[in-house]
Amino acid sequence: MNIVKIYKKFGRKCYKVALFYLFRSDSTPFINNGTSATIVKKPLPGKTSKPGKEGRGKAFRQIIASFVANLGTMNTGMAFGFSATALPQLKSAQSSIQITENQASWIASLSSVGTPIGCIVSGYLMDNIGRRRTLIITEVPLILGWILISVAQNVPMIYIGRLLIGFGSGMVGAPARVYTCEVSQPHLRGMLGAMASVGVSTGVLIQYVIGSVTTWNVLAGVSAIIPIISLIGMTLLPETPNYLLTQDKTAKAETSLAKLRGSTCNLQDEIQRMKSFKEKNHVEPLKSPNEILKALLSPSALKPFAILAIYFFIYQWCGVNTITFYAVEVFESSGASLDKYWLTISMGIIRVIFTVVGCILCRRCGRRPLTFVSAFGCGSTMITLGVYLYYVQYWRENNIPPQYSWIPVASIYLFTIFCTLGYLIVPWIMIGEVYPTQVRGIIGGMTTCAAHLSIFSVVKTFPYLKHSLNDYGVFGLYGVISIAGMVFFYIFLPETKGRTLQEIEDYFCGRTKSLKKASVTETA
């Protein structure tokens, strides 16, 4: 059928379509109404591809590998939750080790001192010995730290144990997230990537539950079980294919991928895609210190680092870890009539549930909306708690029994919900999105380091602020900082949902002025 007959039979629109198929080349996109159509090429002879779900690897294997890798992240939550139940016991007259208010603040905050160092060390180890070996080494200081606290005979032994736990908790964060992303396929990556946040919340809950029925040293001994299981589990898992390819170990990468995917996946196709990605994006390791320094000081690295460092500062100074570390004492000072340990446990349960909810919402709602929900919600609930505590002090000074005791409980519960929906998830996800590939490990560790320095500052200063500003003044201050942070988030926080890594890097480099335009290509 010639062109004239096509035009007469099918009309002008179909004529254009026919012209496209008659004269197009594979390199020329078909544009209709300003939108490029997707052109699917047929596979070359000799190549086999399994379309859709048929070509996917076995989900169960990827879930198990990610679960084992993220077992260590529970230690971060356990480090946070330990002091909430242990400090009241150590302050009691029946304790075998008596501590002062100042020593209590050091026990609570010392884990956050060791964590930044662990963050930097793990970033170096990941690129030099691999993700799997780094996760194995990570468990050693955690095991030693928990055992040392469980057999402690004096306060310095507890101090050293807390430092070791903080160091190990800092080491585990980045490699667990990187390992999970590199062993999971795109359709599972979002769900499995959320395991780290869920692991932290679960670790907090474990400490609240066990700590309410046992002594602090027994709690520390039981806590050593988690890193021991994680160490054994990691010895049974393979190294990630991505890391093995960077070391030019193609055969081992294929073996690793076969273990992680099973027989349902076309291994050669996936390996080839990994190689193509590496070549296309020029992902080569930076060798000299000058190259690394130049990459770290580039706008594409420095700008997002500044944004996330300030984000973490605002998020920590909304009072989240003050509530986590001193949960039992906060409930006790609030005048709540219910048992303070049960209130603490129920708060931990709420945290786990809404961490999962927050991970789901983050995929649907974006980073900015959830951040604003957290900022306003945490700020308003902290101010409400501060106002109530002001009246609690007035009632106690005048021998009046506390009234409306449900208000502080509701404020803390709502604070936990608002915090987990955005603050506890968004900045950690953005660490993997906003940095250039070549320095993502190093500057990701630096960002995590900055985050834990903020944790240390707020936890360590809480007792001193409480004495100078009273309970109501401290929580009022936290609320004001959170609400004031909304101005910063509105001006500087970009929306990275649905944007490719190249679009984000272009934005921070100044090549594009905005990230508002929707991306056609989905981020893996």
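The values are calculated or read from the model by the stated rules, or taken from the named source; none is laboratory data. Just so it is clear, the model here is predicted, and its values are computed rather than measured. Here the Cβ positions follow ideal geometry from the backbone for every residue, glycine too, while neighbour counts run over all protein chains shown. Side chains are part of the model used for accessible areas, which takes the heavy atoms of the whole protein and leaves out ligands, DNA and RNA. Shrake-Rupley method; radii C 1.70, N 1.55, O 1.52, S 1.80 Å.
Points worth noting:
- Gain in span if fully extended, Ala306 to Asp506, counting 0.36 nm per residue against the direct Cα distance: 70.3 nm
- Among the listed pairs Lys252/Lys497; Lys259/Lys497; Lys91/Lys340, those beyond 27 Å (Cα-Cα): Lys252/Lys497; Lys259/Lys497
- FRET efficiency, Asn470 to Val218 (Cβ-Cβ, R0 45 Å, nearest 0.05): 0.85
- Accessible-area ranking of Trp406, Trp146, largest first, probe 1.4 Å: Trp406, Trp146
- Length gained when the stretch Leu236-Ala410 is fully extended (0.36 nm per residue, less Cα-Cα span): 58.2 nm
- Surface analysis of the stretch 441-486 yields an accessible area of 34 Å² per residue, using protein heavy atoms and a 1.4 Å probe.
- Put simply, when 486-497, 122-133 are sorted by average Cβ atoms within 10 angstrom per residue, most first, you get 122-133, 486-497.
- Accessible surface of Ile120 - all protein chains present, 1.4 Å probe, nearest 10 Å²: 80 Å²
- For the stretch 384-438: rounded, prolate or oblate by the Cα gyration tensor [a/c cutoff 1.5]: prolate
- The calculated FRET efficiency for Ile400 paired with Ser95, based on their beta-carbon distance and R0 = 35 Å, is about 0.60.
- Linear extension gain, Ala484 paired with Glu291, 0.36 nm per residue minus alpha-carbon span: 65.7 nm
- Applied to the stretch 466-477, the Karplus parametrisation 6.51 cos²θ - 1.76 cosθ + 1.60 on θ = phi - 60° returns per-residue 3J(HN,Hα) values of 5, 6, 8, 10, 6, 4, 5, x, 5, 5, x, 4 Hz, with x for Gly and Pro.
- Here the spin labels are modelled as points 7 Å beyond Cα on the Cα-Cβ line, and at Glu495 and Trp342 they lie 4.4 nm apart.
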